[in-house]
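Q: Below you will find the structure I want to go over with you.
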Amino acid sequence: MYRIKYLYYFTLFVIVFCGSFLLKSCYKFSGPQTIPAYVQIDSVYIETDYPEQGSNSHKVTDVWVYLNKDLLGVFELPALFPVLAAGVNDLEIRPGIWLNGIQSTRVTYPFYKPIVYDAFDFFPDSVHNLADLKTTYYGNLDFAWKEDFEQTGLSLVETSVSDTSIQLTSPANSPDAFVTPTSKYSGVISLTEEKPIYSAVSMNSFPMPDIQSDPVLLELNFKSNNLFHVGLLMNQFGGIKKVPLLIMKPTDEWKKIYVNLGPNIAINSDAANYKVYFEAGLETSKSSAKIYLDNIKLIYRQYNP
């Protein structure tokens, strides 16, 4: 079991390592054709079934392009790249992200479907503009936790050490909130010198997924002028183990991040279940701070034997 899991993560590392060299790379043409066709991709959008899958917020930074099942290259968006092909070919485009918000860890997002053209007609010395590319989540995913802060009852519960709580932004469609056609509110944590500590966990605990459920991702939108932490609480025999994951840096604009929970779940597979936690302490240089959260999703793939 462990061997299979670690093989998965080793493979993921190899893909990331190779991808860093492929990104915006050039490749040599082979065969008699010397004039390439060109493909232009400006962006990739995500469509969701909001009640089941939550917000369509995303941060697709790259495309992994396959020609006739072979990897052509990894290209940062917006992209214009040559393709040495003429006539009808298979073209596949896989949306790529920065895992854990780190630019050097570029991977295909395993929960977004690839965009597949079974018969793409290439014309040499022409630009094929693939505008408004859209994809969706796969249908066999388990959205184990969704918190979009559109309801008064929240699924984050403050711990005993927290002296402040998360609230909904006010009024509706506040300029501080993450506002979309499906979002009028966000969660806001206010830190002051009188109440400088925030600590909360997901209301529900989540079972350890089967090995077939790898990977496990936490999606999150955030904006903050103070550092805050994201991590896991593992319910192990003999007590709770705290596993820090990421420190989120201040940002004046809303950002999207995909947090990889898989490796830490793999090495703590003896745990009965786990929770996600958020923590923050007012930085000493500040008299107050605000942290905004939205569109929290915990996702893994269902396994049907």
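The values are calculated or read from the model by the stated rules, or taken from the named source; none is laboratory data. Treat the numbers as computed from the prediction; the structure is a model and nothing was measured. Every residue, glycine among them, receives a Cβ derived from its backbone with ideal geometry; neighbour counts consider all protein chains shown.
Q: Considering only strands (runs of 3 or more DSSP E) fully contained in region 173-250, which possess at least 1 residues that are in contact with a Pro (Cβ under 9 Å, 6 or more places away or on another chain) and assigned by TED's automatic domain parsing to the domain that holds SER155?
A: 216-224, 228-236
Q: So which residues in region 65-95 are in a strand (DSSP E or B) and either of a type in the set (Gly, Ala, Ser) or outside the structural domain of ALA119 (by TED's automatic domain parsing) (or both)?
A: GLY73, ALA79, GLY87
Q: Also, quick follow-up: Tell me, which residue of region 49-64 that is touching a Phe, Trp or Tyr at 6+ places or on another chain (Cβ under 6 Å) and not in a loop (DSSP other than H, G, I, E, B) is surrounded by the most Cβ atoms within 10 Å (Cβ to Cβ)?
A: Step by step, filter region 49-64, then rank; the result is VAL63.
Q: Tell me, which residue of region 255-305 that is of a type in the set (Ser, Thr, Tyr) and within 18 Å of SER202 (Cα to Cα) is surrounded by the most Cβ atoms within 10 Å (Cβ to Cβ)?
A: Going through the qualifying residues, I end up with TYR274.
Q: When the residues of region 131-165 are filtered to those that are in a loop (DSSP other than H, G, I, E, B), crowded, with 18+ Cβ neighbours inside 10 Å and touching a residue at least 60 places away in the same chain (Cβ under 8 Å), which remaining residue is nearest to the chain's Cα centre (by Cα)?
A: Out of the qualifying residues, it is ASP148.
Q: Name the residues in region 93-139 that are within 15 Å of LEU217 (Cα to Cα) and among the small types (Gly, Ala, Ser), would you?
A: GLY96, GLY101
Q: In region 45-83, which residues are more than 27 Å from LYS297 (Cα to Cα) and either polar (S, T, N, Q) or modelled with pLDDT under 95 (or both)?
A: ASN68
Q: While we're on this one: Any residue in region 192-204 that is within 11 Å of THR159 (Cα to Cα) sitting within a Cβ distance under 7 Å of a residue that is assigned to a loop (DSSP other than H, G, I, E, B) and acidic (Asp, Glu)? List the pairs, counting only those 6 or more apart or interchain.
A: Listed pairs, sorted by first residue: ILE197/ASP163.
Q: So, in region 109-129, exactly how many residues are buried (at least 18 other Cβ atoms within 10 Å of the Cβ), more than 20 Å from the chain's Cα centre (by Cα) and outside any strand (DSSP E or B)?
A: Within region 109-129, residues that are buried (at least 18 other Cβ atoms within 10 Å of the Cβ), more than 20 Å from the chain's Cα centre (by Cα) and outside any strand (DSSP E or B) number 0.
Q: With respect to LEU220, determine if the residue is under 23 Å from THR159 (Cβ atoms), hydrophobic (A, V, I, L, M, F, W, C), in contact with a strand residue (DSSP E or B) (Cβ under 8 Å, 6 or more places away or on another chain) and crowded, with 21+ Cβ neighbours inside 10 Å.
A: Yes.
Q: Of the residues LEU67, LEU72, LEU99, only one is over 25 Å from GLY262 (Cβ atoms), crowded, with 19+ Cβ neighbours inside 10 Å and not charged (D, E, K, R); which?
A: Of LEU67, LEU72, LEU99, the one residue that is over 25 Å from GLY262 (Cβ atoms), crowded, with 19+ Cβ neighbours inside 10 Å and not charged (D, E, K, R) is LEU72.
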